[in-house]
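Colleague: Dropping a structure here in structure tokens format, bear with me for questions.
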Amino acid sequence: MSPRASRLADLDLVALAERLGERCREKGITVTAAESCTGGGVASAITAVAGSSDWFETGYVTYANGAKTRLLGVPEALLEAQGAVSRAVVEAMVAGACRDSGAGLGVAISGVAGPGGGSPDKPVGTVWLAWGDAERAEAACHHFAGDRAAVREQAVREALLGLVRRLEQP
């Protein structure tokens with residue numbers, strides 16, 4: 001990790017959201033979040049920043065698979081084939097959120113926060129995130145340690161870090 005990236009990772013959630021807002025304003029872009037296991041944690045961190053309505057208009061908490069399909073257009077067949085905690089599903093979630101909201105950049109999160117619900121293939125702490133827009137996405141799988149609250153907080157942090165990193169790329 002570069003020294004700059006390390007300093008960014010050390011920021012608290014509100015400071016990360018403030019930095020995100022600064023980058024959004026500089027670039028004239030709005031962001032959205034499609035959240036499952038974080039239950040609105042990204043939207044909460046963003047809206048803790050005064051003036052965030054300038055660059056964050058819509059967030060989606062799609063905890064159940066039916067909501068992912070109904071609100072974000074994630075195909076039922078994809079959910080059945082891959083499961084909600086998968087690269088393909090978070091990529092479809094971020095594309096759907098950006099299409100529906102008109103945001104230029106979004107993040108999607110789906111994972112197993114625990115304490116139950118894990119499997120050998122997707123143990124507790126497995127979280128998929130995708131960043132992108134209505135046309136393309138980049139996804140990553142993380143395995144976060146700790147209890148439910150810790151997994152959720154780490155996922156929110158990684159979501160915000162990813163948004164900031166994408167906006168700070170030359």
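The values are calculated or read from the model by the stated rules, or taken from the named source; none is laboratory data. Because the structure is predicted, anything quoted here is derived from the model rather than measured. Note that each Cβ is placed from the backbone with ideal geometry, even for glycine, and that neighbours are counted across all protein chains shown. With ligands, DNA and RNA removed, areas are computed over all heavy atoms of the protein, side chains included. Shrake-Rupley method; radii C 1.70, N 1.55, O 1.52, S 1.80 Å.
Colleague: Compute the distance in nm between two label points, each set 7 Å from the Cα along the Cα-to-Cβ direction, one at E135 and one at E80.
Modeller: 3.2 nm
Colleague: Can you give me the accessible area per residue for the chain, using a 1.4 Å probe, in Å²?
Modeller: Here the per-residue accessible area is 46 Å².
Colleague: Residue farthest toward the positive end of the dipole of the chain, with Cβ of Lys/Arg at +1 and Asp/Glu at -1: which of A113, A50, F144?
Modeller: F144
Colleague: For the chain, what is the calculated [θ] at 222 nm in deg cm²/dmol (nearest 500), taking -39500 (n - 2.57) for each run of four or more DSSP H residues and dividing by its residue count?
Modeller: Estimated from H runs of four or more residues: -14500 deg cm²/dmol.
Colleague: Tell me the carbon and sulfur percent of the accessible area for the stretch 30-139, rounded to whole percent, probe radius 1.4 Å.
Modeller: With neighbouring chains kept in place, the figure for the stretch 30-139 is 49 percent.
Colleague: For the stretch 1-82, what is Rg from Cα atoms divided by 2.2 N^0.38 Å, rounded to two decimals?
Modeller: For the stretch 1-82, the normalised Cα radius of gyration is 1.31.
Colleague: Report the label-to-label distance for A50 and L71 in nanometres (one decimal), using points 7 Å from each Cα along the Cα→Cβ vector.
Modeller: Those two pseudo-labels are separated by 2.9 nm.
Colleague: Something else: Once you have the Cα-Cα distance between E26 and S119, take 0.36 nm times their residue separation minus that, and quote the gain in nm to one decimal.
Modeller: The E26-S119 span can extend by a further 29.2 nm.
Colleague: Once you have a ≥ b ≥ c as the square roots of the Cα gyration tensor eigenvalues for the stretch 72-170, tell me rounded if a/c is under 1.5, and otherwise prolate or oblate according to whether a/b is larger than b/c.
Modeller: Since a/c reaches 1.5 but b/c is at least a/b, the shape of the stretch 72-170 is classed as oblate.
Colleague: Compute the label zone of A15 within the stretch 128-170: residues whose backbone N is under 13 Å from the point 7 Å along Cα-to-Cβ.
Modeller: none
Colleague: With only alpha-carbon atoms counted, please give the Rg and Dmax of the chain, in Å.
Modeller: That works out to 14.9, 44 Å for Rg and Dmax.
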